[in-house]
Amino acid sequence: MAGRALDGEDAEGAGGASRRGIWTRDFGLFFTARGVAKLGDSMLPVALAAGLLQYGYGAGAVGLAMASSVACFAGLVIFGGVLADRFNTRLLMTGADLARLVTQSLAAVMFFTGHVVLWQICVIGAINGLAAAIFQPGVAGTVPRLASDVQAANGAIRVAESGAQLAGPAAAGMLVALASPGLVFAAHAGTYGVSALCLLLLRLPPMPRDTAKPHTQGALHSLHSLHSFRSELVEGWREFRSRRWLWGVILVWCVLMIGASGPAVPLVAVQVTQEHGSTAYGLVNSALGAGTVIGGVLALRVRPRRMLRAGGLALFGFALFPATVGAGLGVPWMMAGCAVAGAGSSFWGVMWATSVQTQVPREILNRIHAYEVAGSIAMQPVGQALAGPAAAAFGTHQVLLAGGVVTLMVATTLISVPAISGLVRADAQPAHLPFPMPEQRQRREAQRRRGRE
């Protein structure tokens with residue numbers, strides 16, 4: 001990567017992935033920020049459910065409060081991608097964390113004082129969703145600027161986030177039992193404070209000269225230019241659409257969200273709890289989380305040449321998440337299946353994130369990531385909404401088994417489509433190239449080399 005070296009490392013040449021360690025001061029700060037923030041986020045569902053139920057609201061209110069955040073995030077994240085490509089991503093991310101520090105502190109006060117009004121909680125959720133939409137696109141562009149080994153960095157972050165997801169609900173439950181839901185919201189606000197502090201201390205290397213953000217100068221003028229903003233939004237969409245492997249994965253992922261992952265989350269919770277009790281569901285959920293940690297560790301070690309093909313193969317394991325429950329197996333078998341499913345989905349996640357971050361040019365990466373995130377989660381609420389009617393019509397066990405079949409079909413598609421499975425990792429490309437090439441540039445470069453020969 002052009003620009004200054006990180007903590008004494010030489011600037012990297014051409015597209016080869018360094019095998020040097022990733023644990024610089026700055027990556028450590030970002031790693032801490034992501035892990036702590038994920039810990040707080042995994043505590044939030046427990047706090048919302050316990051808090052709203054305590055004050056007389058039902059399950060529908062809990063769903064509405066959660067949906068207010070997800071809807072705002074999904075609807076606005078593509079605009080956050082444009083902002084991240086225009087302005088200082090570190091400051092945008094810090095500002096988003098500080099905004100959520102304020103909103104979650106207000107929520108804590110509401111629950112401590114007993115003044116809990118649903119529409120106010122939903123407004124807080126919507127603001128949090130807006131802040132997340134501003135924050136998330138910058139993550140994709142930050143990782144490759146901090147670590148020369150992008151795959152190892154993504155693997156380490158995935159392990160930290162998976163561990164936080166394991167610990168968060170348990171910690172939230174203890175805080176609710178010992179004190180009140182307000183204490184969980186206060187702790188959640190504190191995690192955003194820690195994340196903001198880490199980001200403030202972060203020193204990002206400057207963007208390479210030929211990929212520097214074109215709108216740094218005259219930023220205020222650009223902010224008020226609707227035409228400029230819209231043109232960048234359109235450019236992001238055009239770049240997204242031009243990469244067959246990218247939009248191909250998103251299309252396939254929508255099928256997974258509707259047919260398997262979306263329905264599986266609520267149906268597995270209901271089915272396991274009804275048949276085996278809440279303790280069994282906790283064990284199954286913990287096994288899934290432990291599997292994601294294992295998948296992240298594997299992604300730190302295994303370095304396939306065709307990352308999406310390897311990730312697609314690993315995704316076959318995710319079929320065991322709905323299938324073992326749908327088949328009515330015992331708790332130990334469900335735990336084993338969920339551990340394999342978690343490992344497969346986590347390994348896929350690292351392969352996918354690394355592919356996006358290394359195959360897409362830096363100057364448009366945040367916008368591309370925003371479109372990718374929006375597309376990835378767009379169909380999840382649809383799948384969750386269809387879960388109940390489908391279970392009533394066909395039976396919960398049948399819907400979960402069908403989800404396992406859909407997952408197998410999705411994984412088969414991922415390893416069968418040449419544009420997806422044939423994508424070669426960026427650091428396997430010729431070393432003289434200054435940046436990882438997208439697929440179109442790969443073909444042109446190969447043609448030029450053949451012509452010179």
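Coordinate-derived values only; no laboratory data. Everything numeric in this text was worked out from a predicted model, so none of it was measured. Heads up, the Cβs are rebuilt from the backbone with ideal geometry, glycines too, and the neighbour counts pull from every protein chain shown.
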- line: Expected sort for Ser345, Ser228 with the fewest Cβ neighbours (10 Å cutoff) up front is Ser228, Ser345
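Could you grab the Rg to Rh ratio for region 219-362? Cα atoms only, Kirkwood for Rh. Could the numbers behind the result be given before it?
Working: Rg = 19.4 Å, Rh = 17.3 Å.
Checking Rg against Rh, the ratio lands at 1.12.
Magnitude of the Cβ-charge dipole of region 230-321, K/R +1 and D/E -1, about the Cα centre, nearest 20 debye? Could the numbers behind the result be given before it?
Numbers: 10 positive and 4 negative charges, 131 e Å.
So the magnitude is around 620 debye.
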task: Quote the Stokes-Einstein diffusion coefficient, in whole µm² s⁻¹, for region 56-198, based on the Kirkwood radius over alpha carbon pairs, a temperature of 20 °C and a viscosity of 1.002 mPa s.
output: 131 µm²/s
- request: Arrange the following residues from fewest to most other Cβ atoms within 10 Å of their Cβ: Asp26, Asp427.
  value: Asp26, Asp427
task: Place the peptides 284-292, 71-79 in order of packing, highest mean first, counting for every residue the other Cβ atoms within 10 Å and averaging per peptide.
output: 284-292, 71-79
message: Restricting to Cα pairs below 8 Å that are 6+ residues apart, what does the relative contact order work out to for region 240-448? Please round to a whole percent.
response: 37 percent
query: Counting Lys and Arg as +1 and Asp and Glu as -1, what is the net charge of the other residues whose Cβ lies under 11 Å from the Cβ of Gln104?
result: -1
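Given N residues in region 37-80, what is its alpha carbon radius of gyration divided by 2.2 N^0.38 Å?
Values: Rg = 12.2 Å, N = 44, 2.2 N^0.38 = 9.3 Å.
This ratio for region 37-80 stands at 1.32.
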message: How far apart, in nanometres, would the label points at Leu200 and Gln120 be if each is projected 7 angstrom from Cα along the Cα-to-Cβ direction?
response: 2.8 nm
query: Which order do peptides 138-148, 298-308, 170-180 fall in by mean Cβ count within 10 Å, highest first?
result: 138-148, 298-308, 170-180
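Below 14 angstrom from the Cβ of Ser162, what's the summed charge of the other residues (Lys, Arg +1; Asp, Glu -1)?
Here the charged neighbours net out to +1.
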- line: For region 188-193, Karplus-derived ³J(HN,Hα) couplings (6.51, -1.76, 1.60; θ = phi - 60°; whole Hz; x for glycine and proline) come out as 4, 4, x, 5, 5, x
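Over 20 Å, how big is the tail of the calculated P(r) for region 240-448, in percent of all Cα pairs?
Working: 12776 of 21736 pairs.
The share of Cα pairs beyond 20 Å in region 240-448 comes to 59 percent.
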- request: Mind sorting Trp348, Trp253, Trp23, Trp119 by how few other Cβ atoms lie within 10 Å of their own Cβ, fewest first?
  value: Trp119, Trp23, Trp253, Trp348
